[in-house]
Structure formats: C-alpha cells, structure tokens
Amino acid sequence: MAVATLIQDFLKKLNYQNIKICNTGKSGIQVFNELVNSEKMPIVILDYSLPDMNANDIMAEIFRIRSDAKIIIETANERTDETIKDVLRQGAYQYIEKPIRFENLKSTMEILEEEDKIIENTSDDSHKEMDSLLNSSTRISLARISEYTGKKREEVSEYLKKLQNEGKIVPIDEIKEISCNMCNSVKIGQNFSCPSCGKTNFKQGKLIEHFKCGNVSIEDSYKNNVCPKCNKEIKIIGVDYKTIDNYYICSNCGEKFPDLTIEYMCIKCNNKFKLEQAKWITSEGFRSISL
C-alpha cells in the first residue's frame, strides 16, 4: 500500500481531507456507501486490480449507490488496451497510468473541482441552460442536452416534458449520433487531412485535365488558358480539356484527391477514432417553438 499512502500524502498537500485507503474492493464499496449516507460525495481513485475484485465489478457496485460517482482508474495498462476502453465505457471519469505522475493527478483533480464549480454556479440556472441549447439548435437530442448541461437524463426528460406540455417544444424523430467509442461522449470534433501524407495543409479547388498532353493540375496553373506542361492553349471544353470539380490539393505533398481522410476526436477524453470505429447513440429529439 506504499503507493496509496504516497497518493494520500500528496492529496493532503492539495488540501483534500478525510482520505480513506481501502485494501479490498469490498471494503472500498462499504466506505463509499458510508460516506454517501453521511451526505458526502467522495472521489474514488481505484486500482484496476484489487485482491478480491476487479475495477468493473467495483464500479458497478459504486454506480448502484451513486450513478454520478466520479471514479479515476489507476493502471499500468495503456489507453489503447481493451480493459481500459471497457472501464471508460462503463463510466469511469478518467484513468491515470502507472507509475503515477503527481502532476497528472493534480491536473485531474483540478478539472474535477472546476467542473463541480460550474455545476454549482449553474445549478439555479440549469433550466436557462437547457433553454439556450434548445433555442440555438434546429434539432437537438436528449443525450446532447444531458451531457452539455451535466444533468441526468431523467432530470432533463422531466423538464422537457414540462416544456412540451406548455407548447414550447415539440418532439421529433429520434436522433442517432456519433459518440466516443471509449467514454460515450457525444462531444465529438472532426479532423480532415490528406489521405496520402496525413497533413492538414490542403485547399479545395478545381482541376483541369488537358487531353493532348495528359496534364492534370489546378485551374490556377493554367495561366491565360495555357497548359503549364506543354504550353499549348486550351480552348474548347470537352474537346481540348475537361474540368474536375470539388477536388482537394495537398500543399504539403502535392497529392490531388476527391475525398479527405476524416478522423473523429472526442473533446472529453481526446480519444481519436475513425467512423467505422465509432459508437452510435440514439435518443429522443426535440425542436424549440418558442422559449
């Protein structure tokens, strides 16, 4: 338990109090339950493998006690390991690799504190936040409102039903959207790059193919309608040349291509994945009428 003691000492220096160390999963679940019953909301730093239980089983018990529990997994496994992907899918807040670097632990705790402050500061205005999301979108899902406001789906659904009864929103078809295949977040960004070199330094343009010499290059390269390869003038489209619309030209490697490589990135956990690796989430959709 030397590592646990070091973590305990470090957290005390960060002004965290009442830090409990448990040697088994069973005792950890019991302590968590006791703290929750005393109206405390503990942050759990959980070793992936304990003598009596693994992280998945312990997390399942903790989430039965508090579904919004914040659990940080400590493990020697890498993010790409299936075991880590699994615990993140199950709802672990974050993971920290062993050997533990205290600056990473401090950063994680600071993010947790900041999120708690945001929730506290906006708790009274949570309905206004939901109203703002509904007003700023032509259509929005229950899953997205829940994640962006930090509210449980049940709580969001209750408020949406109220708005629906008041005639302020209307339900639409269910919305199916991409979510992170590791943490289930729907806060997903997209990265576009050249399929040849993987760089993002590209531009969109039109290509011209000169039939006589076979040159294919961007429209701007044909100065005064003169082919840059053979220096012959192009005159009649369909006879001398043809245009290829909506192409991309990589400024890094010079490659020309009709389609970009698209990579998705989770804003929450920074996981990167391709479309075929994405997880899909379906939830009720809504549209604002007047709020």
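The values are calculated or read from the model by the stated rules, or taken from the named source; none is laboratory data. Nothing here was measured: the structure is a model prediction, and the numbers come from that model. Glycine gets a Cβ as well: all are built from the backbone with ideal geometry, and neighbour counts include every protein chain shown. These accessible areas exclude ligands, DNA and RNA; they are computed on the full protein's heavy atoms, side chains included. Shrake-Rupley method; radii C 1.70, N 1.55, O 1.52, S 1.80 Å.
Provide the gained length on full extension for the span residue 106 to residue 279, in nm with one decimal, where the gain is 0.36 nm per separating residue minus the Cα-Cα distance.
59.2 nm
Could you work out how far apart the two model spin labels at residue 245 and residue 221 are, taking each label as a point 7 Å from the Cα in the direction of the beta carbon, and quote it in nm?
2.2
Return the label of the correct value of Cα extents along the principal axes in Å, as calculated from the structure shown, out of (1) 67, 36, 33; (2) 81, 39, 30; (3) 85, 55, 30.
Here the calculated entry is (3).
Just to confirm the filter: which chymotrypsin sites (Phe, Trp or Tyr not before Pro) across the range 1-69 are DSSP coil and have at most 16 other Cβ within 10 angstrom of their Cβ?
Numbers: sites: 10, 16, 32, 48, 63; in loops: 16, 48.
Passing both the DSSP loop test and the Cβ count: 16.
Summing -39500 (n - 2.57) over the DSSP H runs of n ≥ 4 in the chain and dividing by its residue number, what mean residue ellipticity at 222 nm do you reach, to the nearest 500 deg cm²/dmol?
When only DSSP H runs of four or more count, the value is -10500 deg cm²/dmol.
Determine the dipole magnitude for the range 177-282: charges of +1 sit on the beta-carbon of Lys and Arg, -1 on that of Asp and Glu, nothing else is charged, the reference point is the Cα centre, and the result goes in debye to the nearest 20.
180
Taking the range 1-90, which GluC sites (Glu not before Pro) meet the DSSP loop condition and have no more than 12 other C-beta atoms within 10 Å?
Those that pass, being in a loop and sparsely packed, are 39, 78.
Once you have a ≥ b ≥ c as the square roots of the Cα gyration tensor eigenvalues for the range 155-218, tell me rounded if a/c is under 1.5, and otherwise prolate or oblate according to whether a/b is larger than b/c.
Cα axes put the range 155-218 in the prolate bin.
Hey, can you find the accessible area per residue of the range 1-94 for me, probe 1.4 Å, expressed in square angstrom?
Per-residue accessible area for the range 1-94 comes out at 57 Å².
Quick check: at a probe of 1.4 Å, how many percent of the accessible area of the chain sits on carbon and sulfur atoms?
For the chain, the apolar C and S fraction of the accessible surface comes to 45 percent.
Restricting to Cα atoms and excluding each atom paired with itself, what does the Kirkwood estimate give for the range 52-209 in Å?
One decimal place: 19.2 Å for the Kirkwood radius.
Using only the heavy atoms of the protein chains and a 1.4 Å probe, how would 262, 140 rank by accessible area, largest first?
Highest to lowest solvent-accessible surface, that is 262, 140.
By the gyration tensor of its Cα atoms, with a ≥ b ≥ c the square roots of the eigenvalues, what is the shape of the range 156-291: rounded for a/c under 1.5, prolate for a/b over b/c, or oblate?
Since a/c reaches 1.5 and a/b is larger than b/c, the shape of the range 156-291 is classed as prolate.
Expressed in nm to one decimal, what extension gain is obtained for the pair residue 113 and residue 212 from 0.36 nm per residue of sequence separation less their Cα-Cα distance?
Residue separation times 0.36 nm, minus the Cα-Cα distance, leaves 28.9 nm.
What does the net charge come to around residue 238 if you take all other residues with beta carbon closer than 14 Å to its beta carbon, with K and R at +1 and D and E at -1?
+1
For the pair residue 56 and residue 126, what calculated FRET efficiency results from E = 1/(1 + (r/R0)^6), where r is the Cβ-Cβ distance and R0 = 30 Å, to the nearest 0.05?
Values: r = 31 Å, r/R0 = 1.05.
After rounding to 0.05, the efficiency reads 0.45.
Just tell me which aspartates and glutamates come within less than 12 Å, Cα to Cα, of residue 212; anything on the same chain fewer than 8 places away is out.
233, 240
So how much accessible area does residue 47 have, in Å² to the nearest 10, using a 1.4 Å probe?
Roughly 40 Å² of residue 47 is accessible to a 1.4 Å probe.
Rounded, prolate or oblate, given the Cα gyration tensor of the range 11-68, with a/c below 1.5 counting as rounded?
oblate
How much net charge surrounds residue 156 when only the other residues with a Cβ under 14 Å from the Cβ of residue 156 are counted, with Lys and Arg +1 and Asp and Glu -1?
Neighbour charge sum, excluding residue 156 itself: -1.
List, in the order given, every pair from 152/268; 20/70; 203/279; 12/152; 70/106; 85/274 whose Cα-Cα distance in the structure shown is over 23 Å.
203/279; 12/152
What accessible area per residue comes out for the range 148-291, rounded to a whole number of Å², with a 1.4 Å probe?
On the way: 8770 Å² over 144 residues.
Ligands and nucleic acids excluded, the figure is 61 Å² per residue.
Residues with amide H under 5 Å of residue 151's amide H, sequence separation 5 or more or different chain, H placed in the peptide plane at 1.01 Å from N; which?
Residues meeting the criterion, in which the H sits 1.01 Å from N, do not exist here.
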